[in-house]
Structure formats: structure tokens, C-alpha cells
Amino acid sequence: MTEIRRIVANLAVDDPRADAPFWTGLLGLETAMDMGWVVNHRSGAAQVQLISRDASAPEDSRVSVEVDDVDAVHARAVADGYEIVHPLTDEPWGVRRFFVRTPQGVVVNVLAHP
């Protein structure tokens, strides 16, 4: 069975950096990653990502799920007939990922750090 390493909410915003004072100041999170189009704030295991527009996928995801074996999850998603929104891809920022749509239409970013 696949190990889930983390699940992070992806919040759609116009400018991911504009909310930094709220997350880091008011709530005391640290900025763990800032790529301009996506900013991740965290404190321990708690994380939130602010995304303006995904850099390479045709749709934005609403949640990111990091797994230990993204290839195995992708193979199961395909075998089970789920819609793959973004193909299994090695991204230039160091993750291997794909996007899949749930039966209710939520786009999920499934990823691993190789």
C-alpha cells in the first residue's frame, strides 16, 4: 500500500505572495517555498499552499498529496478509470507528479520527491 507523506490544501489566490504577512505574521508559519506562482507556508506538519496558476498543468489542483510511490498511484488511477488531468511528469522544480480528478470533480495533485 502507498504511504501518504503529507496532504496540503492548495488555495487559489491572485498573488500568492500578497498573503504572506497573514500566514507568517499573524499565524506564525514559515515560508517553506516561494516560486512566485506557488508559495508554501508551514509549521511542523501543518501546511498551506497559495497558488495563482499552476506552472505546467492545464488546471489548478485543490489539494496536493505527497506519496512514496507516485508511479504506483498513477497506475492504479489509470487502471481504475479515473480522469488524468495532467500526465505523470518530472517537473523542473524537482517533483514527479500527475493530476487526477475525483468522482465529484476535485483536481488532486499527486506527487513524490524522487
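Each reported figure results from applying straightforward, stated rules to the coordinates on display, with no laboratory input. On a predicted model such as this, the values are computed, not experimentally measured, just so you know. For neighbour counting, all protein chains shown are included, and Cβ atoms are generated from backbone atoms with ideal geometry for every residue, glycine included.
What residues qualify as long-range amide H neighbours of V85, i.e. H under 5 Å apart, gap of 5 or more or another chain, H built at 1.01 Å from N?
F99, V100, R101
Full-extension gain between I7 and A32, please, as 0.36 nm times their residue separation minus the C-alpha to C-alpha distance.
On the way: separation 25, 0.36 × 25 = 9.00 nm, distance 1.49 nm.
Going from the current span to full extension adds 7.5 nm.
Region 2-47: which trypsin sites (Lys or Arg not before Pro) are DSSP loop and have at most 15 other beta-carbon atoms within 10 angstrom? All intermediate terms of the calculation are to be shown ahead of the outcome.
On the way: sites: R5, R6, R17, R42; in loops: R17.
Those satisfying the criteria are R17.
Name the GluC sites (Glu not before Pro) in region 29-68 that are in a loop by DSSP and that have at most 15 other C-beta atoms within 10 Å, would you? Provide the component values of the computation, followed by the final result.
On the way: sites: E30, E59, E66; in loops: E59.
Here the GluC sites (Glu not before Pro) that fit, given the DSSP loop and packing criteria, are E59.
What whole number of Å gives the distance from the Cα centroid of region 57-110 to the Cα centroid of region 4-18?
16
Could you tell me the relative contact order of region 57-101? Use alpha-carbon pairs under 8 Å, at least six residues apart, and round to a whole percent.
On the way: 44 pairs, mean separation 15.9, N = 45.
Computed over region 57-101, the figure is 35 percent.
Give me the percent relative contact order of the chain, please, defined on Cα pairs under 8 angstrom at least 6 residues apart. Don't skip to the answer; put the middle values down first.
Numbers: 231 pairs, mean separation 28.2, N = 114.
Relative contact order here is 25 percent.
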